[in-house]
Amino acid sequence: MTDFQTILLERDGRTATITLNRPKALNALNSEVMAEVVAAAEELDQDPGVGAIIITGSEKAFAAGADIKEMADKTFAQVYGENLFGAWERLTRVRTPLIAAVAGYALGGGCELAMLCDLIIAADTAKFGQPEITLGVIPGMGGSQRLTRAVGKAKAMDLVLTGRQMGADEAERSGLVARVVPAEGLLAAAKEVADKIASMSLPIAMMAKDAVNAAFETTLAEGVRLERRSFHAAFATDDQKEGMAAFVEKRPANFSGS
Ligand code: CO8
């Protein structure tokens, strides 16, 4: 695995953890962080020994947004020409389940990075927001779309137009966050969820993730059709045989990923 400057990478069993590591800038997402997170996630995605990936930050900040100092003086021609921060979209093609473990600030690009993951587990200290409007811009990594799908138009408009921050409880009530846990237990809770997911059949977890994501991309009828095809296809795997045999034999399943 490549030598990274702005992230830490850990493996424990079938779970990998990517930790954003620019503490002095509250993990502001500059181009280097983006390149490293995306490269690490893509590399882990190629490894069948990895069944789930956690993306996390520090106690104070998951990430305080895209790096304002990097962007401030750029012209339209530059940001358009280089497709500034466009590579984050590559995370949507990572097939291994991605879990965001969020403590502290998840603002702007930080909130959008969390929403690029498949599910968000938040510490009770987490604060989510899309403050771009206060800087004279708008969300640019999917915030206006993914936040609206997650929490609905009313709250998305509230957050995107006022730039206010939303605490962990409100985020959970609104459907942005899957679980809220005490800050000191955040990584353990995320690891428990990741290990649970990683203990399942990886190809089946990929299929399940794909099916849920289809709900955001297509019509109900198309989505249900895709789900049924994938459900039928699951019967071509050894893991379907193992999972159902284990149930009948009253023992835990031991999935092989085949
Ligand atoms: N970019 C660069 N540096 C940052 C950022 C950031 N987003 N956030 C914090 N920092 C830096 C500060 O400048 C400061 O550095 P220094 O010590 O050198 O002055 C250091 O981190 C610590 O920050 P503070 O002193 O401000 O810490 P506080 O605890 O007082 O405040 C806050 C914490 C409230 C999080 C505050 O830092 C803040 O408001 N940060 C900016 C939040 C923000 O506006 N984020 C949105 C950025 S725009 C964006 O994300 C667009 C995404 C879409 C891009 C995609 C394009 C295609």
Which residues, counting only those in region 19-53, are within 16 Å of the ligand (Cβ to nearest atom), of a type in the set (Val, Ile, Thr) and either closer than 23 Å to residue 168 by Cα or surrounded by fewer than 23 Cβ atoms within 10 Å (Cβ to Cβ) (or both)? 38
Cβ-Cβ under 7 Å pairs, at least 6 apart or on other chains, region 20-34 side in contact (Cβ under 8 Å) with a residue 24 or more places away in the chain, far side of a type in the set (Ser, Thr, Tyr) and within 7 Å of the ligand (Cβ to nearest atom): 26/105
Test: residue 224 is at pLDDT 95 or above and either assigned by the TED database to the domain that holds residue 14 or in contact with a Ser or Thr (Cβ under 6 Å, 6 or more places away or on another chain) (or both): no
Return yes or no: is residue 257 over 30 Å from residue 58 (Cα atoms) and within 24 Å of the chain's Cα centre (by Cα)? yes
Out of curiosity, is residue 183 within 19 Å of the chain's Cα centre (by Cα) and either more than 30 Å from residue 60 (Cβ to Cβ) or not charged (D, E, K, R) (or both)? yes
Given the criterion hydroxyl-bearing (Ser, Thr, Tyr) and either surrounded by fewer than 16 Cβ atoms within 10 Å (Cβ to Cβ) or within 12 Å of the ligand (Cβ to nearest atom) (or both), identify the matching residue among 96, 125, 92, 56. 92
Result of the Cβ filter at 7 Å on region 57-85, keeping first residues that are farther than 19 Å from residue 111 by Cβ and partners that are of a type in the set (Ser, Thr, Tyr) and within 7 Å of the ligand (Cβ to nearest atom), at least 6 apart or interchain, is none
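The values are calculated or read from the model by the stated rules, or taken from the named source; none is laboratory data. The model shown is predicted, which means the values in this text are computed figures rather than measured ones. So basically every Cβ, Gly included, is an ideal-geometry build from the backbone, and we count neighbours across all protein chains shown.
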